[in-house]
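Novice: There's a structure below that I have some questions on.
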Amino acid sequence: MSMSDAARTTTTRTRTPPKRTFSDVELDLDQLAESFDVPPSTSSSASSAMAIASSSASASSSSTFASPCPPHPATILITDSPASRSKATLLLTSKQKPKHPHPRTSMQHPSSSAPIKVGVLGATGTVGQRFLTLLAAHPWFAVDALGASPRSAGKKYKDAVSWKQSTPIPQGVRDVVVRECRPENFAQCKIVFSGLDADVAGEIEEAFRAANLAVFSNAKNFRRDPHVPLIVPLVNPHHLSIIPQQQALFSPALTSGFIVTNANCSTTGYVIPLAAMEKAFGPLECVMVTTLQAISGAGYPGVPSLDILDNVIPYISGEEEKIEWETLKILGGISTKESEVTSADGQQVVKKEVKTFDMHAAHPLRVSASCNRVPVIDGHTECVSVRFARRPPPSPQQVREALAAYTPEAQALGCPSAPCRAIVVHEEPDRPQPRLDRYYQDGAGVSVGRVRQCQVLDVKFVVLANNVSIGAATSSIINAEYAVLKNVVQL
Ligand SMILES: NC(=O)C1=CN([C@@H]2O[C@H](COP(=O)(O)OP(=O)(O)OC[C@H]3O[C@@H](n4cnc5c(N)ncnc54)[C@H](OP(=O)(O)O)[C@@H]3O)[C@@H](O)[C@H]2O)C=CC1
Ligand SMILES: N[C@@H](CC(=O)OP(=O)(O)O)C(=O)O
């Protein structure tokens, strides 16, 4: 985040209205306007599906677990209430009212009240820094060990890292000595989060899994493995059901070691609205996506300034193929069939249920991606057009409502790092924007805008996702929370 972003965040954090939840769906318009710093004159001209743009640009970049569902700085969709023209219904919240109060501060993890010790591999990198920032205030996880390259090992974290976050290095890790990424250096940990460079992630993560550690990885190495789930936590956390099959591949079978991967950051951002659309309207047939990807996606020091300033680079190696393939694994299901397999000792053939990722096979989905690097520091913007299988397709307004109402299981279940709103739907024609929207909810949700008719496919829209938060570290952390709640992590 740039210094100007940091300054904006600092000044506006104090202007954020007091804590509130969105359990009240019927609000007086003037009251609503007041809460969002909107002049009452703007709100009193209520019309169907009007948009209110707040002048408050509150976007917190701090890691806090004390603030349930912050009001969005920009847009709330409002419709007239038939009962009274002075009443409005918050479309964003009426359908996604949480089943229980948001648990961030209070919820214990199921096994005990003791913190779960975790390690961070690649702790000095762009994603590693985001992990440490988010984990500093985590209600369940306590950072116990940090790993990076042999260049950093042996140094205090503060001396090894080139810290680029807008908040200071968390006190708890400043003086921690960075270790080499070997399982014996992480013996106290139950979980390791990996922000390792893909050149080294494969071998290192494999060693940690073999040592019976639960590995939640951001690297691409295992995403295509047929026994490793590729999970976007706001879409397909149920793919964790493949883990016992992954563990059974080892002899003896692993008791607590496994690898779960995140998706590519651009894939993550746009599959969240795609999943919401499929949930509401059935399968998609075609998707076209053009990305505008931030520089931080390339890690540190990343793209040379002389290449990216005053420029757009219409190529990111391997990115288009990743988006096109990963989308199918994530949006597809898991099929189970009985197969004959050789027993672990090689002595007999036994019948066994085998799970396979179906790659959306029942409804073939064609995806075409075009990827560009743009001079933005954080936040990937993506322009997406979709065609539905169902005819006639839903209208843009139906799509907007479905997106706003989308409540992923991780959120309903109470994963502490899940956003209160998975998808914020903007009405203004010029949102979302990286500078304004990337840190809403600490970057844990996505922002969608410009939902409109597509003259070639059916509907098109723009989505913005914070590539380092929901595109990387936040997703890993929610995946781990979900795995803890589902007893997939052995505590
Ligand atoms: N940035 C993003 O938006 C996203 C990144 N990813 C993926 O996450 C991973 C991390 O990305 P990012 O943080 O951007 O990358 P960085 O280049 O910023 O960080 C890489 C990390 O890997 C460590 N490392 C390098 N070589 C070794 C080694 N031989 N042994 C142990 N550790 C090593 C580095 O340690 P040291 O400082 O000591 O060199 C550093 O901590 C990558 O796989 C990337 O593809 C995924 C989604 C989004
Ligand atoms: N390639 C992405 C970030 C990334 O590292 O992706 P992956 O984890 O799929 O290699 C970007 O440059 O924005």
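Novice: Is it the case that GLU180 is out of contact with any strand residue (DSSP E or B) (no Cβ under 9 Å at 6 or more places or on another chain), of a type outside the set (Gly, Ala, Ser) and farther than 30 Å from HIS360 by Cβ?
Specialist: Answer is no for this residue.
Novice: Quickly run through segment 320-336 and pick out the residues that are out of contact with any Leu (no Cβ under 8 Å at 6 or more places or on another chain), away from ligand 1 (no atom under 16 Å from the Cβ) and assigned to a helix (DSSP H, G or I).
Specialist: Residue satisfying the conditions is GLU324 alone.
Novice: In segment 180-218, what residues are under 23 Å from ALA137 (Cβ atoms) and either near ligand 1 (Cβ under 10 Å from one of its atoms) or touching a His at 6+ places or on another chain (Cβ under 8 Å) (or both)?
Specialist: Scanning segment 180-218 gives SER194, GLY195, SER217, ASN218.
Novice: Now for a different question. Looking at (1) more than 16 Å from ligand 1 (Cβ to nearest atom); (2) without any contact (Cβ under 8 Å) to a residue 12 or more places away in the chain; (3) not in a helix (DSSP H, G or I), which one does SER317 not meet, given that it meets all the others?
Specialist: With (1) more than 16 Å from ligand 1 (Cβ to nearest atom); (2) without any contact (Cβ under 8 Å) to a residue 12 or more places away in the chain; (3) not in a helix (DSSP H, G or I) applied to SER317, the lone miss is (1).
Novice: Considering segment 223-271 alone, what residues qualify as being within 16 Å of ligand 2 (Cβ to nearest atom), of a type outside the set (S, T, N, Q) and part of a helix (DSSP H, G or I)?
Specialist: CYS265, GLY269, TYR270, VAL271, listed by residue number.
Novice: Determine, yes or no, whether THR133 is in contact (Cβ under 8 Å) with a residue 12 or more places away in the chain and either more than 30 Å from GLY414 (Cβ to Cβ) or more than 16 Å from ligand 2 (Cβ to nearest atom) (or both).
Specialist: yes
Novice: From ALA472, ALA412, which residue is farther than 19 Å from THR290 by Cβ and either within 16 Å of ligand 1 (Cβ to nearest atom) or buried (at least 24 other Cβ atoms within 10 Å of the Cβ) (or both)?
Specialist: Working: ALA412 fails: either within 16 Å of ligand 1 (Cβ to nearest atom) or buried (at least 24 other Cβ atoms within 10 Å of the Cβ) (or both).
Unique residue meeting the criteria: ALA472.
Novice: Another question about this same structure. Any idea which residue in segment 384-396 is surrounded by the most Cβ atoms within 10 Å (Cβ to Cβ), counting only those that are under 25 Å from the mean Cα position of the chain (by Cα) and over 23 Å from THR474 (Cβ atoms)?
Specialist: VAL386
Novice: For SER251, are the conditions met, namely being modelled with pLDDT under 95 and away from ligand 1 (no atom under 16 Å from the Cβ)?
Specialist: The answer is yes for SER251.
Novice: Return yes when GLY302 is within 16 Å of ligand 2 (Cβ to nearest atom) and either loosely packed, with under 12 Cβ neighbours inside 10 Å or more than 24 Å from PRO273 (Cβ to Cβ) (or both) and no when it is not.
Specialist: Answer is yes for this residue.
Novice: Can I ask one more? Quick test of your reading of the structure: CYS189 fulfils all but one of (1) of a type outside the set (Val, Ile, Thr); (2) in contact with a Leu (Cβ under 8 Å, 6 or more places away or on another chain); (3) more than 21 Å from ALA114 (Cα to Cα). Name the failing condition by number.
Specialist: Only one criterion in (1) of a type outside the set (Val, Ile, Thr); (2) in contact with a Leu (Cβ under 8 Å, 6 or more places away or on another chain); (3) more than 21 Å from ALA114 (Cα to Cα) is unmet by CYS189, namely (3).
Novice: For segment 264-304, how many residues are within 16 Å of ligand 1 (Cβ to nearest atom) and farther than 18 Å from ASN467 by Cα? Steps first, please.
Specialist: Residues of segment 264-304 within 16 Å of ligand 1 (Cβ to nearest atom): 264-272, 291-304.
From what is left, the residues that are farther than 18 Å from ASN467 by Cα are 304.
Within segment 264-304, residues that are within 16 Å of ligand 1 (Cβ to nearest atom) and farther than 18 Å from ASN467 by Cα number 1.
Novice: Would you mind telling me which numbered condition in (1) modelled with pLDDT of 95 or more; (2) in a loop (DSSP other than H, G, I, E, B); (3) over 17 Å from the mean Cα position of the chain (by Cα); (4) under 24 Å from ALA369 (Cα atoms) VAL289 fails?
Specialist: (2) is the only condition that VAL289 fails.
The values are calculated or read from the model by the stated rules, or taken from the named source; none is laboratory data. What you see is a predicted model; the values in this text were computed from it and never measured. Counting neighbours? That spans all protein chains shown, and the Cβs are built from the backbone with ideal geometry, glycine included.
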